[in-house]
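The block underneath contains the structure these notes are about, expressed in structure tokens.
The values are calculated or read from the model by the stated rules, or taken from the named source; none is laboratory data. Small disclaimer: the values here were computed from a predicted structure and weren't measured. Virtual Cβ from ideal backbone geometry, glycine too; neighbours counted across all protein chains shown. To get the accessible areas, we keep the full protein, side chains included, count just its heavy atoms, and leave off ligands, DNA and RNA. Shrake-Rupley method; radii C 1.70, N 1.55, O 1.52, S 1.80 Å.
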Amino acid sequence: MIRYSAIVEVARLADGAIPTALIGAAYRASVAAPVLLVLRDIEVATVDRILDPLVTKTAKPVQGVVYALATDESRIVRAAREAAFAVTTTPSLGRLLAAHGLTSLSVDELEATLAVPTAAAKASRHVLDTTAPVAARV
């Protein structure tokens with residue numbers, strides 16, 4: 001069984017754009033362990049095209065990302081048992097992960113966790129709900 005450092009839900013933005021910065025951050029955050037990317041209405045090939053240039057430019061070793069469809073609830077729940085934190089874009093995934101022991105993470109805590117994944121990940125298990133306006137999350 002793969003032990004994931006994080007679960008990151010990737011869904012199109014309100015304007016239909018792909019969240020490329022989030023995808024790149026998830027890949028860079030996979031230093032300690034792989035990150036599970038939960039894809040909601042985004043194809044694997046689309047994410048691969050975004051990651052290809054980043055993979056070739058990344059100098060430090062990373063574990064990479066693993067894809068799961070948002071409909072694959074059993075796989076997401078298994079990953080939630082091990083993940084140190086999660087970033088969700090839909091309330092439904094936030095509730096599912098919260099039901100399995102992941103709690104909210106502020107934007108500042110997320111940045112600290114991404115900067116030092118092994119230290120912050122050991123402290124506790126969190127979910128960042130990105131559905132709320134930034135002012136409400138800070």
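Observations
- Scaled to the globular estimate 2.2 N^0.38 Å, the Cα spread of the range 1-46, given as radius of gyration, is 1.18.
- Over the C-alpha atoms of the range 1-96, the Rg to Rh ratio, Rh being the Kirkwood estimate, stands at 0.94.
- Figure note: 95, 78 ranked by solvent-accessible area, largest first, 1.4 Å probe, ligands and nucleic acids not counted: 95, 78.
- Residue 73 accessible area, assembled protein chains, probe 1.4 Å, Å²: 110
- For the range 19-32, 3J(HN,Hα) per residue [Karplus equation, 6.51 cos²θ - 1.76 cosθ + 1.60, θ = phi - 60°, Hz, x = Gly/Pro]: x, 4, 5, 5, 4, x, 5, 4, 5, 5, 6, 8, 5, 7
- At full extension, residue 2 and residue 17 could sit 2.4 nm farther apart than now, given 0.36 nm per residue minus the alpha carbon distance.
- Of all accessible heavy-atom area on the range 1-49, the percent that carbon and sulfur account for (1.4 Å): 57
- Per-pair calculated FRET efficiency, R0 = 25 Å: residue 28 and residue 92 via Cβ, rounded to 0.05: 0.40
- Nearest-10 value in Å² for the accessible area of residue 15, using the 1.4 Å probe: 120
- For residue 66, the residues whose amide H sits under 5 Å from its own are 35, 36, 37, ignoring neighbours fewer than 5 places away on the same chain, with H placed 1.01 Å from N.
- Residue-wise HN-Hα couplings along the range 49-61, as the Karplus relation 6.51 cos²θ - 1.76 cosθ + 1.60 with θ = phi - 60° gives them from phi, are 4, 6, 7, 3, x, 5, 4, 6, 8, 6, 8, 7, x Hz; Gly and Pro carry x.
- Computed over the range 8-78: relative contact order in percent, which uses C-alpha pairs under 8 Å that are six or more apart: 38
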